[in-house]
Amino acid sequence: MTIRSLFHTPVYEGDLGDAALVEALLGMAHTLAHDDRAGARWSREHRYKGYTSYASLNDLPLRDPDAAALVKKLDRHVAAFAKACAFDLPKRLKCDSLWVNILKSGGMHSGHIHPHSVVSGTLYLDVPEGAGGLRFEDPRLPLMMAAPMRSGDAPEALRPHVTITPRPGMILLWESWLRHEVEAHGGKSERVSISFNYS
Ligand SMILES: [Fe+2]
């Protein structure tokens, strides 16, 4: 008997491998949270518990050499992921947005996708104990009308939700259509990350 596995959903887990850059980017994130008033206002108005530069600064790699250095490193990770996905691309994927997220205790980010992009991802900078993980959802879930629940010990590939617990320096990449959410942050200090889109 053969059971084929069809419709694979790849998620890339890597490491930046540069503790000094993680430290420098953490400094950048805290400076932005302090200085970027438009971002602070947007976060407040949209009830983002903490700070994000998502809607206020769209040129971080031009503003900050550490962000530029990060994009250079991310390019290699995204190229490796694109290869693993067997994408047939006319040219290399390019970073078109990159933003900082500082989540305070109790903050979360409900399920969403990243429209108009091909690959999305996050680099984790500071992950205190109790910080929420990144929870991915099986994109076929809306079709599973009468599908039974899976047993508690079901293999990861058969689970409808999979949560990855981040650590500083970890890079996660996924196809931008894959729905995901940031679980509630139960830690005391801030959970800091940088997210990005490639198209
Ligand atoms: Fe996201």
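The values are calculated or read from the model by the stated rules, or taken from the named source; none is laboratory data. Keep in mind the model is a prediction, meaning the values are calculated, not measured. Cβ coordinates were reconstructed from backbone atoms using ideal geometry, including for glycine residues, and neighbour counts include every protein chain displayed.
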Practice item. Output the residues belonging to segment 148-189 that are surrounded by 11 or more Cβ atoms within 10 Å (Cβ to Cβ) and among the small types (Gly, Ala, Ser). Key: Ala154, Gly169, Ser176, Ala184, Gly186, Gly187, Ser189
Review point. Taking the condition in a loop (DSSP other than H, G, I, E, B), exposed (fewer than 12 other Cβ atoms within 10 Å of the Cβ) and within 13 Å of the ligand (Cβ to nearest atom), does Pro90 pass?
Key: no
Review point. Which one of these is within 17 Å of Leu172 (Cβ to Cβ) and without any contact (Cβ under 8 Å) to a residue 12 or more places away in the chain: Arg47, Arg76?
Key: Arg76
Exercise for review: Go through the residues of segment 109-131 one by one and say whether even a single one is surrounded by fewer than 20 Cβ atoms within 10 Å (Cβ to Cβ), more than 12 Å from the chain's Cα centre (by Cα) and free of Cβ contacts under 8 Å to residues at least 60 places away in the same chain.
Suggested key: yes
**Study point:** Residues satisfying the stated conditions in segment 39-78, i.e. of a type in the set (A, V, I, L, M) and surrounded by 15 or more Cβ atoms within 10 Å (Cβ to Cβ)
**Key:** Ala40, Ala55, Leu57, Leu60, Ala67, Ala69, Leu70, Val71, Leu74, Val78
Point to revise | Single condition Ala38 does not satisfy, out of (1) assigned to a helix (DSSP H, G or I); (2) under 17 Å from Leu74 (Cβ atoms) | key: (2)
Practice item. For Val78, work out the one condition from (1) at pLDDT below 95; (2) among the aliphatic types (A, V, I, L, M); (3) part of a helix (DSSP H, G or I) it doesn't fulfil. Key: (1)
